[in-house]
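**Q** Let me begin by handing over the structure; questions about it come next.
Read-outs throughout are calculated quantities, based only on the coordinates presented, and are distinct from any laboratory measurement. The shown structure was predicted, so the numbers you read here are calculated from the model rather than taken from an experiment. Don't worry about glycine lacking a Cβ; one is built from the backbone with ideal geometry, like all the others, and counts go over all protein chains shown.
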Amino acid sequence: QVHLEESGGGLVQAGGSLRLSCVASARTFSTYASGWFRQAPGKEREFVAAISWGGLTTYYTDSVKGRFTISRDNGKNAVWLQMNSLKPEDTAVYYCAFAETTARVRTTPTYWGQGTQVTVSS
């Protein structure tokens, strides 16, 4: 079982930045691919970004490319999502996710965090 805990959400003005953190309890943290999803009010949860277990491969949804960066440190059991040039449409609850493969973490993750709220004001 893997427990994920997110932090770093908050209220920010458009154009600002936030850095989300996800700390995992897994002893085998380095064997999992990691990702971030988000869910805006009235919308389905959507994929945002993912990173391979070794951190060498990353994936992003088109709407965040060039603005968001996903990274991880296996020694700290942590994954981050650096979000720059934030827009009001980025407002959502952001969820950390883990899975055994990058393909799965981008589609049907095995483990989910509780989520952290990000609100971008115009």
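**Q** Restricting to DSSP loop positions (anything but H, G, I, E, B) with no more than 11 other Cβ atoms inside 10 Å of their own Cβ, which trypsin sites (Lys or Arg not before Pro) remain in the stretch 48-83?
**A** Within the stretch 48-83, the qualifying trypsin sites (Lys or Arg not before Pro) (loop, at most 11 other Cβ atoms within 10 Å) are K65.
**Q** Could you check the spin-label model distance between Q114 and T31? Points 7 Å from the Cα along Cα→Cβ, value in nm.
**A** Those two pseudo-labels are separated by 2.8 nm.
**Q** Magnitude of the Cβ-charge dipole of the chain, K/R +1 and D/E -1, about the Cα centre, nearest 20 debye?
**A** Charge dipole, the chain, about its Cα centre: 140 debye, nearest 20.
**Q** Here is a further query. If you take the charge dipole of the chain about its Cα centre, with +1 on Lys and Arg Cβ and -1 on Asp and Glu Cβ, which of N74, A99, S7 is farthest toward its positive end?
**A** Looking along the dipole axis, the top candidate is N74.
**Q** Also, I was wondering about something else. Could you please report the charge total around G10, scoring K, R as +1 and D, E as -1 over all other residues with beta-carbon less than 14 angstrom from its beta-carbon?
**A** -1
**Q** How far apart, in nanometres, would the label points at S85 and S121 be if each is projected 7 angstrom from Cα along the Cα-to-Cβ direction?
**A** 2.4 nm
**Q** Between S17 and E100, what FRET efficiency comes out of the Förster formula 1/(1 + (r/R0)^6) with R0 = 35 Å and r the beta carbon distance, rounded to 0.05?
**A** The pair E100/S17 has a calculated efficiency of 0.65.
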